[in-house]
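Chemist: Please see the structure below; I have some questions.
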Amino acid sequence: MIIHLKENTNKTISQEIAAKYEAVELVKRNKTILVTPYSVKNIDEKYQEFIEHSWVAESDIQLASNKYSSEKREITIGKHKIGGKNRNTFVMIGPCGVESKEQIEMSAQLIKECGLQTLRAGCFKPRTSPYSFQGMGEEGLKILANMRDMYGFPFITEVRDSTHTDMVIDYADVIQIGAKAMYDHGILRKCGKANKPVLLKRGFGSSLQEFVQAAEFILSGGNEQVILCERGIRTFETKSRFTLDLCGVAYLKEYTNLPIILDPSHAMGYAYGVPDLARACMAMDVEGLLIEVHPDPKTAKSDASQQLNHDEFTKLLNTLKPIANAVNRTIV
Ligand code: PEP
Ligand code: MN
């Protein structure tokens with residue numbers, strides 16, 4: 001149950017209600033919101049005078065539910081907004097990992113030439129093997145920050161574990177929580193206190209319910225700016241790296257109030273399939289696409305097989321435009 005208390009409700013009362021119903025307490029624009037476990041369906045008569053309105057949830061998807069708040073959350077990234085009444089679709093591109101200043105400068109140049117605005121690249125890579133490239137760490141964040149100064153582009157970069165969460169929150173414009181980190185409650189809770197948008201990727205072994213519940217950790221921490229990212233789940237199929245769950249995307253659109261970004265690159269795992277998949281993603285009428293693009297994919301230190309080169313991306317972007325048009329969206 002989500003309970004909005006009246007503005008002047010005294011702290012002792014709100015704490016008493018919170019304690020009685022084991023609620024998480026949130027303060028938003030001088031108003032206290034209490035989120036109880038969803039099993040709570042009503043509140044004692046004696047507290048009614050303090051309640052402005054309340055909403056009973058059907059599951060532990062509460063703040064993210066569009067039955068609680070029907071409008072998509074509006075999130076500003078750089079000069080543009082997604083969600084709300086906006087019909088923008090962000091196309092976020094860049095290499096899997098920051099490898100050098102020269103490489104990121106080429107990516108920034110491509111973004112500028114394409115009329116896009118958001119640079120994405122990882123500095124803390126969550127690799128499956130300890131012997132693979134782990135990312136440039138803070139040095140990489142400095143390169144991205146430098147590019148933001150030069151080009152004015154916001155950047156999105158991932159946090160791998162809680163040892164550097166604060167650092168990534170400080171540098172990034174959008175914090176990415178990767179698929180493997182989706183269950184890291186240290187990261188989720190810190191991002192809940194951050195005042196920046198968070199892109200939460202779906203763990204490849206997670207149900208949609210678990211995915212949105214992870215988002216609830218960030219929302220219930222007080223951060224309203226959460227974006228969901230579907231990047232493929234593990235199925236019995238081995239010919240593609242993962243299986244992009246577009247049915248799941250339809251579910252998230254229908255039942256949540258969170259903007260959605262799709263990542264065809266990690267789902268497919270092979271560059272040959274990315275353009276078709278990216279077009280299918282655009283047709284899903286979502287708030288963004290995240291596509292890995294590298295100046296010279298074969299030399300990439302991570303995810304070499306799936307990254308598009310600059311020419312391939314430019315061609316793809318031209319074919320995305322009419323699809324964006326068809327679903328009444330503007331690519332930014
Ligand atoms: C990435 O975005 O480069 C990445 C590691 O993605 P994921 O967490 O989806 O595997
Ligand atoms: Mn990658």
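The values are calculated or read from the model by the stated rules, or taken from the named source; none is laboratory data. Everything numeric in this text was worked out from a predicted model, so none of it was measured. As a convention, Cβ positions derive from the backbone with ideal geometry for all residues, glycine included, and neighbour counts pool all protein chains shown. Side chains included, ligands, DNA and RNA excluded: accessible areas come from the protein's heavy atoms. Shrake-Rupley method; radii C 1.70, N 1.55, O 1.52, S 1.80 Å.
Chemist: Of Phe124, Pro322, Pro297, which is farthest along the charge dipole of region 75-331 in the positive direction, counting Lys and Arg as +1 and Asp and Glu as -1 at C-beta?
Modeler: In region 75-331, that residue is Pro322.
Chemist: Shifting gears a bit: How big is the Cα convex hull of region 229-296 in projection, averaged over all directions, in nm²?
Modeler: Mean projected area for region 229-296: 4.8 nm², to one decimal.
Chemist: Additional query: Could you order peptides 314-326, 283-295 by the average number of other Cβ atoms within 10 Å of their residues, highest first? List each step's numbers first, then the result.
Modeler: Numbers: 314-326: 15.5, 283-295: 24.0.
Per-residue Cβ counts within 10 Å, averaged per peptide and sorted highest first, yield 283-295, 314-326.
Chemist: In addition: Remind me, relative contact order of region 2-55 in percent, using alpha carbon pairs under 8 angstrom and six or more residues apart?
Modeler: Result for region 2-55 is 50 percent.
Chemist: Just to check I understand the Karplus step: with θ = phi - 60° and J = 6.51 cos²θ - 1.76 cosθ + 1.60, what whole-Hz values come out for region 21-34, glycine and proline as x?
Modeler: Computed from phi, the couplings for region 21-34 are 9, 6, 9, 7, 9, 10, 10, 10, 6, 6, 10, 9, 10, 10 Hz.
Chemist: Could you tell me what percent of the accessible area of region 154-205 is made up of carbon and sulfur, with a 1.4 Å probe and every protein chain present?
Modeler: Roughly 50 percent of what the probe reaches on region 154-205 is carbon or sulfur.
Chemist: If you roll a 1.4 Å probe over region 2-55 with all protein chains in place, what percent of the accessible area is carbon or sulfur?
Modeler: 46
Chemist: Could you tell me which of the pairs Lys72/Lys321; Lys20/Lys67; Lys125/Lys239; Lys196/Lys315 are separated by over 30 angstrom between their Cα atoms in the structure shown?
Modeler: Lys196/Lys315
Chemist: Is there a quick way to get the dipole size of the chain? I mean about its Cα centre, with the Cβ of Lys and Arg at +1 and of Asp and Glu at -1; what is the value in debye to the nearest 20?
Modeler: Computed about the Cα centre, the dipole is about 320 debye.
Chemist: Quick one: which residues, 5+ away or cross-chain, put their amide H under 5 Å from the amide H of Val332? H built at 1.01 Å from N.
Modeler: For Val332, whose amide H was placed from the backbone, the distant partners under 5 Å are Thr89, Phe90, Val91.
Chemist: Using each residue's phi in region 293-301, evaluate 6.51 cos²θ - 1.76 cosθ + 1.60 at θ = phi - 60° and report the 3J(HN,Hα) Karplus result to the nearest Hz, with x for Gly and Pro.
Modeler: 9, 10, x, 8, x, 5, 9, 4, 7
Chemist: Would you be so kind as to identify which of Val168, Ala179, Leu110 lies farthest towards the positive end of the dipole of the chain, taking Lys and Arg as +1 and Asp and Glu as -1 on Cβ and the Cα centre as origin?
Modeler: Leu110
Chemist: How much net charge surrounds Arg202 when only the other residues with a Cβ under 10 Å from the Cβ of Arg202 are counted, with Lys and Arg +1 and Asp and Glu -1?
Modeler: In short, -2.
Chemist: Just read off the accessible area of Arg148 with the full protein assembly in place, 1.4 Å probe, to the nearest 10 Å².
Modeler: Probe radius 1.4 Å; accessible area of Arg148 about 60 Å².
Chemist: Here's another thing I want to ask about it. Normalise the Cα radius of gyration of region 2-55 by 2.2 N^0.38 Å (N = residues in it) and let me know the number.
Modeler: So the Cα radius of gyration is 0.98 times the expected 2.2 N^0.38 Å.
Chemist: Give the percent of DSSP beta bridges with both residues in the chain that are antiparallel, rounded to the nearest 5.
Modeler: Values: 17 of 45 bridges.
Within the chain, antiparallel bridges account for around 40 percent of the total.
Chemist: A further question on this structure: Applying the Karplus parametrisation 6.51 cos²θ - 1.76 cosθ + 1.60 with θ = phi - 60° to the phi angles of region 123-131, what ³J(HN,Hα) value in whole Hz is obtained for each residue in order, glycine and proline being reported as x?
Modeler: Running phi through 6.51 cos²θ - 1.76 cosθ + 1.60 with θ = phi - 60° gives 10, 10, 8, x, 7, 6, 10, x, 8 Hz.
Chemist: Go through Cys114, Cys123 and list them by solvent-accessible area, largest first, probe radius 1.4 Å.
Modeler: Working: Cys114 25, Cys123 0 Å².
Order by accessible area, largest first: Cys114, Cys123.
Chemist: Over the chain, average the accessible area per residue using a 1.4 Å probe and give it in Å², no decimals.
Modeler: 43
Chemist: Students often check this: by mean Cβ neighbours within 10 Å, which of 211-221, 100-110 ranks highest, and how do the rest follow? Could the numbers behind the result be given before it?
Modeler: Working: 211-221: 22.5, 100-110: 17.5.
Highest to lowest by the protection proxy: 211-221, 100-110.
Chemist: If you don't mind, there's one more thing I want to ask. Given the peptides 175-182, 8-15, arrange them by the average over their residues of other C-beta atoms within 10 Å, most packed first.
Modeler: Descending packing order for the listed peptides: 175-182, 8-15.
Chemist: What distance in nm separates the simple spin-label points at Glu113 and Asp311, each placed 7 Å from Cα in the Cβ direction?
Modeler: 1.1
Chemist: Mind checking the full-extension length gain between Asp166 and Asp296? Use 0.36 nm per residue of separation minus the Cα-Cα distance, one decimal, nm.
Modeler: Details: separation 130, 0.36 × 130 = 46.80 nm, distance 3.15 nm.
Answer, rounded to one decimal: 43.6 nm.
Chemist: Can you compute the FRET efficiency between Tyr131 and Asn10 using 1/(1 + (r/R0)^6), with r the Cβ-Cβ distance and R0 = 41 Å? Round to the nearest 0.05.
Modeler: Approximately 0.10, to the nearest 0.05.
Chemist: If you don't mind, there's one more thing I want to ask. Got the relative contact order for the chain handy, in percent, Cα pairs under 8 Å and 6 or more residues apart? Numbers along the way, then the final one.
Modeler: Values: 705 pairs, mean separation 55.5, N = 332.
Computed value for the chain: 17 percent relative contact order.
Chemist: Using +1 on the beta carbon of Lys and Arg, -1 on that of Asp and Glu, and nothing else charged, what's the dipole of region 2-55 about the Cα centre, debye to 20? Walk me through the intermediate numbers first.
Modeler: Working: 8 positive and 8 negative charges, 38 e Å.
With Lys and Arg at +1 and Asp and Glu at -1, about 180 debye.
Chemist: A further question on this structure: Can you give the Rg/Rh ratio of the chain, where Rg is from the C-alpha atoms and Rh is the Kirkwood radius? Display every interim value, and only then the final one.
Modeler: Working: Rg = 20.5 Å, Rh = 20.5 Å.
With Rh from the inverse mean 1/r over Cα pairs, Rg/Rh is 1.00.
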